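What follows is a short report on a single structure.
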Amino acid sequence: MDKGYIDAPCCEEKSVNGEIVEFVRADMPEIEKLYDLAEFYKVFGDCTRIRILYALFESEMCVCDIAELLNMTVSAISHQLKTLNRARLVKYRREGKSVFYSLADEHVRTIIYQGMEHIEE
């Protein structure tokens, strides 16, 4: 049954270039590292998390401010910040009874900007 999938073009004859395969295999990271990388990029697969990161580009913010900005509940924002914190994309600091979030480092900005640049090409 055809589900509308289109296969990627393939060679008409199966022929393996062993030199190329071994050359690439030598530089291929371990599967565990690639799994970790895939999990890291999954964090960027949620529009709310991207919106939070964009907000934090501009300023350190508390959960209540982010919730107001994005017109969402504090609980929903807190849940997403927990995911971003586990992925080491944001950090927080306490000041009295308030908790302020910011980007973990400049790499986060670079990752987002490079992704945006790619989709705008």
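The values are calculated or read from the model by the stated rules, or taken from the named source; none is laboratory data. Since the structure is predicted, the reported quantities are computational estimates derived from the model, not experimental observations. Glycine gets a Cβ as well: all are built from the backbone with ideal geometry, and neighbour counts include every protein chain shown. In case anyone asks, the SASA skips ligands and DNA or RNA and just uses the protein heavy atoms, side chains included. Shrake-Rupley method; radii C 1.70, N 1.55, O 1.52, S 1.80 Å.
Of the residues Tyr54, Tyr41, Tyr35, only one is open to solvent by 50 Å² or more (accessible area, probe 1.4 Å), in a helix (DSSP H, G or I) and touching a helix residue (DSSP H, G or I) at 6+ places or on another chain (Cβ under 8 Å); which?
Tyr54
Yes/no matrix, rows are residues, columns are (1) free of Cβ contacts under 8 Å to residues at least 12 places away in the same chain; (2) surrounded by 12 or more Cβ atoms within 10 Å (Cβ to Cβ):
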position	(1), (2)
Gly18	yes, no
Val24	yes, no
Cys47	yes, no
Asn71	yes, no
Val74	yes, yes
Thr83	no, yes
Gly96	yes, no
Glu106	yes, no
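Tell me the residue from Arg49, Arg88 that is basic (Lys, Arg), part of a helix (DSSP H, G or I) and out of contact with any strand residue (DSSP E or B) (no Cβ under 8 Å at 6 or more places or on another chain), please.
Arg49
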